[in-house]
Amino acid sequence: MQAKNRRLYIFSFKMKSFVIKIVVFSFALIIFNWLYLVLLVKFHAGSAKAYDLSVMKNYDYQVIALGNSMVLDGFDAKVISEAGMSSYNLAMGGAHVKTSYLTLNKYLENNKKPKVVLIGLSSAAGRSYLNQVSYESPEFEYFIRYSLVQKALNPPLYHFQWALLEIIKIFVSKDHRNSRLELGQWKSSKVIEDYTNYTYQDFMNLIPQNSYLDSISQLCSKNQIDLVFVDFPGSKKNRNALPPQYKILLNGNDSFLVHNFNNLSVGNEIVDSKIDWLSENHFNKIGAEKFTKSLIPIIKTKIANQINE
């Protein structure tokens, strides 16, 4: 009898110890995931942008910019705001145009409609933004679309494991530590020189075409928002010989003007290859401020035309 009781005691003790270990492990996992999420929202541009969008309510910006990382780094909303047109950069790194459409839709649900939506095109980076096969933004999915159950099933350490390297860079790289988000723009003081040379690119592969551009156009038309298309300048080897301005058709017959700052000559006039770049095709804060000043007359004209109509 004593032996049986002893075995029961040992079993009970081991079970309690096991349960305690499970509880401690689960609690530690929750804490580590929470800390990682805090780091992402504070230091990872894509996560910070998606989180900001998820909590944005009743904002009243006149100008909203959408696009991928070239726009995230290259559109200085502060410059436009200081020119008298309140502005916010809603571009996300690695985004597909589908994400831009979903972002605009989400913004319009909870905020006042802007007067102008600027779509930043990125022919310098190829067709990833306008790829005919759409892909999801993990940041947008997690912060905007996931339910609490989905978030629980996809904890940050799993869902954002690919972003861990960016977080590590913060602790080892002064340039990363000094970078920050301001009005949605990722501002970095890092400087690299562009030593590349122009190479010819096939024109037809660069013409913006995607069904989600049509969807954005329809959404803006429904809300009486003017659309501005700007092809952001890239490194010299990635510029094109398309005209500085050319027209595209959306929704079958709606004509839109594309301001092609990635034109070889236009890009050469604006960009200083020695001091304006953070990385290939991506402006640092010096280049972004300089480039965005070139957009002021375009955006002002759009807003002025609305007032006169």
> Given the structure, is Leu219 in contact (Cβ under 8 Å) with a residue 40 or more places away in the chain and touching a Cys at 6+ places or on another chain (Cβ under 7 Å)?
Replying inline: no
>> If I ask for residues that are of a type in the set (A, V, I, L, M, F, W, C) and out of contact with any strand residue (DSSP E or B) (no Cβ under 7 Å at 6 or more places or on another chain), which ones from region 80-132 would you list?
In response: Ala83, Met92, Ala95, Val97, Leu102, Leu108, Ala124, Ala125, Leu130
> Consider Ile286 against the criteria (1) over 30 Å from Lys112 (Cβ atoms); (2) in contact (Cβ under 8 Å) with a residue 60 or more places away in the chain; (3) touching a Phe, Trp or Tyr at 6+ places or on another chain (Cβ under 8 Å); (4) of a type in the set (Val, Ile, Thr): it satisfies all of them except one. Which criterion is unmet?
Replying inline: (3)
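To keep it simple, each residue is scored yes or no on (1) surrounded by fewer than 24 Cβ atoms within 10 Å (Cβ to Cβ); (2) among the small types (Gly, Ala, Ser); (3) closer than 17 Å to Leu219 by Cα; (4) at pLDDT below 95.
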{"position": "Gln62", "(1), (2), (3), (4)": "yes, no, yes, no"}
{"position": "Ala65", "(1), (2), (3), (4)": "no, yes, yes, no"}
{"position": "Met70", "(1), (2), (3), (4)": "no, no, no, no"}
{"position": "Lys78", "(1), (2), (3), (4)": "yes, no, no, no"}
{"position": "Ser86", "(1), (2), (3), (4)": "yes, yes, no, no"}
{"position": "Met92", "(1), (2), (3), (4)": "no, no, no, yes"}
{"position": "Pro114", "(1), (2), (3), (4)": "no, no, yes, no"}
{"position": "Val117", "(1), (2), (3), (4)": "no, no, yes, no"}
> Residues of region 230-251 being of a type outside the set (Ser, Thr, Tyr), surrounded by 20 or more Cβ atoms within 10 Å (Cβ to Cβ) and either within 21 Å of the chain's Cα centre (by Cα) or over 19 Å from Met70 (Cβ atoms) (or both), which ones?
Replying inline: Val230, Asp231, Phe232, Pro233, Gly234, Asn238, Leu250
> How many of the residues making up region 152-201 are surrounded by 13 or more Cβ atoms within 10 Å (Cβ to Cβ) and hydrophobic (A, V, I, L, M, F, W, C)?
Replying inline: 11
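The values are calculated or read from the model by the stated rules, or taken from the named source; none is laboratory data. For clarity, every value in this text was computed on a predicted model and none was experimentally measured. As a convention, Cβ positions derive from the backbone with ideal geometry for all residues, glycine included, and neighbour counts pool all protein chains shown.
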